[in-house]
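For reference, the structure is listed below as structure tokens.
The values are calculated or read from the model by the stated rules, or taken from the named source; none is laboratory data. Since we're looking at a predicted model, the values are computed, not measured. Counting neighbours? That spans all protein chains shown, and the Cβs are built from the backbone with ideal geometry, glycine included. Side chains are part of the model used for accessible areas, which takes the heavy atoms of the whole protein and leaves out ligands, DNA and RNA. Shrake-Rupley method; radii C 1.70, N 1.55, O 1.52, S 1.80 Å.
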Amino acid sequence: MSNDRNPRWARNIESVFKKLNIFTIEDLEMLTEKTKLEIIPVLERYIEKDKLKQENETYTYISKTATEKKSKVKKEKDPSYEMHTLPFKVVRPRTTFVKNLNELDGFVDYFFAPPKIKKRIKNIFKVLKQTQNYGEKRLLQVLSKNDLTIEKYNYYKEEISKNGLVNLVGESTKEPGEIYYFFKEYYLSPKGLTVDDARELGIKRFENLIKIHLNRCKITSAKTMYRWLLEEYTESQIAKFRMLNFSKFDMDSMEYEDKRV
């Protein structure tokens, strides 16, 4: 008979419940394929060593981390304190860095904004980057050079953190003219496209150029685009653009086809 008080099958049970953290005996039965008769003595041994905590039918594994050592000191000072192991991995807080403008909400609005607004927002980011770790004295010097008050500076920091660029751009954004030009190209062709389809194709074509998805709600409606079209062309002209004109058809090309046959 072996004198090993911790045989391989017992170590297998220990390995499983250490990974589970919180478990029942039924969990171990299913995962280790061992009987309760084999499992319970292993659990009792860990309970005696204060490495397992039992509450009704649930067991909690107590791992030895630096945090838990501190908790043990607290437990000795306060008998009412109970130590629990969290059933999930704790994510440590960390500083969030923004590296690219397109990571922020409202980037598309910025993309379509007038040059004056773009220049103002660019200057805001320049100041925010420069003064990230500045003390009050150096900060105020930079703000003075850029005609910014401390109130405005703090507002920009908080606003960008919470809402991105949306409220900094405002309502003055205007969609690029390319979308309307593409709409005309699709609609004023013999393909027979509807105004809605021509608009959508124009938007998608522009998206492919700039590699950005656009919010359709912020782009001029197909009905309005068609109204713009009527300001440039008469209905009869539009009808001609949308029909094939056979007047310049080369009949010799048919003769060529016949010779090939």
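Details
- Residue check, Y110 under 28 Å from K204 (Cα atoms), open to solvent by less than 80 Å² (accessible area, probe 1.4 Å) and either aromatic (F, W, Y) or in contact with a His (Cβ under 7 Å, 6 or more places away or on another chain) (or both): yes
- Test for T32: is it open to solvent by less than 60 Å² (accessible area, probe 1.4 Å) and modelled with pLDDT of 85 or more: no
- Segment 113-139 - residue that is open to solvent by 80 Å² or more (accessible area, probe 1.4 Å) and not basic (K, R) and, of those, farthest from the chain's Cα centre (by Cα): E136
- Set side by side, the residues N154, N102 differ, and just one is over 30 Å from E232 (Cα atoms), modelled with pLDDT under 90, assigned to a helix (DSSP H, G or I) and not small (G, A, S), which is N102.
- Once segment 159-184 is narrowed to residues that are assigned to a loop (DSSP other than H, G, I, E, B) and without any contact (Cβ under 8 Å) to a residue 40 or more places away in the chain, the residue that is farthest from the chain's Cα centre (by Cα) is G177.
- Residue in segment 218-234 that is assigned to a helix (DSSP H, G or I), closer than 22 Å to Y110 by Cα and charged (D, E, K, R) present: yes
Results for (1) under 19 Å from E175 (Cβ atoms); (2) surrounded by 12 or more Cβ atoms within 10 Å (Cβ to Cβ); (3) of a type in the set (G, A, S); (4) touching a helix residue (DSSP H, G or I) at 6+ places or on another chain (Cβ under 6 Å), shown as yes or no for each residue.
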residue	(1), (2), (3), (4)
D197	yes, yes, no, no
E207	yes, yes, no, no
A222	yes, yes, yes, yes
S247	no, no, yes, no
D250	no, no, no, no
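- In this entry, Y187 passes the filter for residues that are touching a residue at least 24 places away in the same chain (Cβ under 8 Å) and either of a type outside the set (K, R) or out of contact with any Lys or Arg (no Cβ under 6 Å at 6 or more places or on another chain) (or both).
- If the condition is being of a type in the set (D, E, K, R), loosely packed, with under 13 Cβ neighbours inside 10 Å and closer than 28 Å to N245 by Cα, then segment 172-195 contributes only K191.
- Filter pass, K122 being at pLDDT 90 or above and more than 18 Å from N102 (Cα to Cα): no
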